[in-house]
Amino acid sequence: MQVLLRFSLCLLILFPFSAFAQTHQLSNAIPVTDQNGQPLPNAWAGGMSMPQFSAIELDGDGRPDLITYDRESNVFTPYLNKGQAGESRYEYAPQYRAAFDSCDCFGWALLADYNCDGRQDVFCGTPTSNVRVYIQQTQNDGHMAFELLHDPLMSLYSSLNRLYSGKIDFPSIVDVDYDGDLDYFTWHVLFNNIEFHKNKAMEYYGRCDTMVLELETACWGHFYESNFDNDVVLHDTVNCPLGDFDPNQRAAQRELRHAGSTTLLLHLNADSLYDALLGDISYPTVYALYNGGSLQYAYIDSAETNFPRSDVPVSVDIFPAAFQVDVNNDGKKDLLFAPNNSANGSFENTRGVALYLDQGNGIQPDFRFQYQGFLQNTHIEVGSQSVPTFLDYNQDGLQDILIGNSGYHVDYTDELIPALALYENTGTAAQPAFQLVDDDYLGLRESGQFFPLLNDMVPTVGDLDADGDEDLLIGSIFGHIYLFENVAAPGQAAQYHFITDTYAGIDVGFWAAPFLYDLDGDQDLDLIVGERGGKIYLYENEGTPATAEFQLVTDHWGFIEIEDEYGGSFSNGFPRPMLSDYDQDGEAELLVGAVTGYVEVYEGVATALTDTLQFAGNLFDFDFGERAAVAVAVLDSSQKPTFVVGNERGGLQLFAPVSANPTSVEAGPPAGLAFGLFPNPARDRLRIELLGHPPAQRVEVWISNVWGQQLQQWVFEGEFYELDLPSWPPGVYYVGVRAGNRMQVRPLIIQ
């Protein structure tokens, strides 16, 4: 049965960083189109590399929205569901992003209702392969926030211990036995089996508002994954005997192999037993496992390689992970498949998410391939490691955007091929708009054989020969800088000619990140260059405006060192520096994008040769995702700067000036609607009890079977209702309660 769960969420106001932050907001407001003029509705969402999808209701309209968590950068991105019945249409909703900022997740995250209050909570991984749980709360001002409840989540093995859930794996959290509380499935730390951690909250306390986990079996389904590939071995009753599980049992004879698998428990046929989809870290295909057991003992009795055999089989470049959400609002949950590992960058990084719609009859699923690039085809998407810079390439007085990267995935090679993407400003001086002109500007991707060392491109522009147009420098992975001279006639679009790959003899070691700026006010451009370790080199222009000549002044400008999250002597901060009077106080500040995902702000540029630059905080105190890279320009009639920031995921995020008359943002829907079923399992009588304050609206209740057929419906008032159950066959049913736009559905077992 496919059940639409309605979740009650509220909104958290953004921008906690300083009074300046109050003038800007994370935005999707500037329109962007592709090369064919088609709108990119989610242009500024920041890109996707290894997204993980969860359904959640954000705006209270009754349609499940989406939250993605990208393990490439450990960031959440919200999307509002704007589709009608049978339609898939999502819009990036930056106003909901900050609600998830308190969730410190690593490797994986999924949303599920931990405490059956009708609101989604966050389960996620840690660097030590444990599990954190964040509970959704409603603040005093009515806005949503998440509060840390478990760090880590515990389970009873032979003794109470931290629940192990591999940071490179992906677990599954479902109510597998339909008793009303959530159970947990994860791969064994050493062996090739799935552990089933049963939630005993209902058994011990008669409540579903907590998790009391116990290891029920270390080999759910009586199968194990091969030691050599992604095949599975069925009917493993030697190491996984039928009957009661002994927690001291160990599969000692099993080879130690397991290191990376994804799991999704779901219904693949018309029965009420959970089946499974598996992905393996070394393979592009997905295994389907069919459960022929019972609610008490799962038993996988058949397997399907290259799922689905009835249609185009799943093929994800590396380590497929499966997610189930109703994408097109038809009441049936569809499947999304995405890469769960970068494999040193060699994965499909612009259209890696595959969509399979359930086109079955609502009883028997039938998953059919639709296309690659779900949501990605609505973003600014340049592969991996986007680095933007502003320029006026066509001399029309408007600022365009040039984006460097570390590469696009190409089908015929395991390597990423770098390229420049050019977006032209087709708007006006008062209201910008951008259109993709070329995703291989200058033909560097197609002519890559001529520039084999030009990787991880960091572009910057400036007039180096006083001819009135902007020349182009590109920093590269091996520490050198490439010069492309603009030889266009005055007033014409740029024509860049390659001059040298060792401009000014500059060599900063690895990952050169240049930026041109007149630091000393002598009317010629100087050059600062970031390098992998975190320091910034300063090269002074000792030539003339017409003939630039750069000389190294210091390899530790400002006496700062950008660090990664671990710090220490082996830290690699990957700084992407730029200079701008971003706060319009008359003095330039240093803004440095870092590997941590923050853009660090430093003051004291005028005295940086003799004094240490002073750290002034992180730009908007916002995590843009790993390898942040910022560009700043005045784009609209506000005359305030607009910030465009790239990241590891290959997209762009936008912080735009707040409108003088900003549209008010309403809080989300009211708190969730929760109820209890007593007893559950039931035989001939059932009590339905509302938990918390009863709603003011009329309350509707219904019971349906596993195929979604409504068997009984009525309206009641008050806090509880008791009824005699009809003589229905034993099995799993669903009870739903609705009040206004709030709804909650819970399973009921009739014996």
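The values are calculated or read from the model by the stated rules, or taken from the named source; none is laboratory data. Fair warning: this is a prediction, and the values are worked out from it, not measured in the lab. Neighbour counts run over all protein chains shown; Cβ positions are idealised from the backbone, glycine included. Just so you know, the surface numbers come from the protein's heavy atoms only, side chains and all, with ligands and any DNA or RNA stripped out. Shrake-Rupley method; radii C 1.70, N 1.55, O 1.52, S 1.80 Å.
Brief remarks on what is shown
- Label sites at GLN551 and VAL189, each approximated as a point 7 angstrom past Cα along Cα to Cβ, lie 6.1 nm apart.
- Per the Cα gyration tensor, the chain maps to an equivalent ellipsoid with semi-axes of 51, 28, 23 Å, ordered largest to smallest.
- Given charges at beta-carbon only (K, R positive; D, E negative), |dipole| of region 388-446 in Debye: 220 debye
- Where labels lie 7 Å past Cα in the beta-carbon direction, separation of GLN492 and ASP507 in nm: 3.7 nm
- Scanning residues 5 or more positions from PHE675 or on other chains, those with amide H under 5 Å from its amide H are LEU691, with H placed 1.01 Å from N in the peptide plane.
- Of the peptides 333-341, 520-528, 585-593, 458-466, the order by per-residue mean of other Cβ atoms within 10 Å, starting with the highest, comes out as 333-341, 458-466, 585-593, 520-528.
- For region 367-518, the residue among TYR496, VAL437, LEU483 whose Cα projects farthest onto the positive side of the dipole built from Cβ charges is VAL437.
- Using the Cβ-Cβ distance between VAL233 and GLU722 with R0 set to 41 Å, the FRET efficiency works out to roughly 0.25.
- Whole-number percent relative contact order across region 8-165, with pairs defined as alpha carbons under 8 Å at least 6 apart: 18 percent
- Over 29 Å between alpha carbons, listed pairs LYS167/LYS535; LYS167/LYS198; LYS82/LYS167; LYS82/LYS640: LYS167/LYS535; LYS82/LYS167; LYS82/LYS640
- Net +/- balance of residues flanking ASP507 in space, Cβ distance below 14 Å, scoring K and R +1, D and E -1: -1
- Placing unit charges on the Cβ atoms of the charged side chains and taking the dipole of the chain about its Cα centre, the candidate lying farthest along the positive direction among GLN376, GLY586, LEU422 is GLN376.
- Contour excess over end-to-end distance, with Cα ends at ASP411 and ASP581 and 0.36 nm allotted per residue: 56.9 nm
- Positive end of the dipole of region 528-626 (Cβ unit charges, origin at the Cα centre): among ILE560, ASN541, THR607, the Cα lying farthest that way belongs to ASN541.
- Protection proxy ranking, highest mean first, for peptides 604-615, 81-92: 81-92, 604-615, where packing is the per-residue count of other beta-carbon atoms within 10 Å, averaged.
- Of all accessible heavy-atom area on the chain, the percent that carbon and sulfur account for (1.4 Å): 48 percent
- Amide hydrogen proximity for ARG207: with H placed 1.01 Å from N in the peptide plane, the residues at 5 or more positions away or on another chain lying under 5 Å are MET202.
- For region 363-378, the Karplus equation 6.51 cos²θ - 1.76 cosθ + 1.60, evaluated at θ = phi - 60°, returns couplings of 10, 9, x, 9, 8, 10, 5, 10, 5, 8, x, 3, 6, 4, 6, 10 Hz by residue, with Gly and Pro reported as x.
- Ignoring aspartates and glutamates fewer than eight residues from LYS332 along the same chain, the ones with Cα atoms less than 14 angstrom from its Cα are GLU87, ASP358, ASP366.
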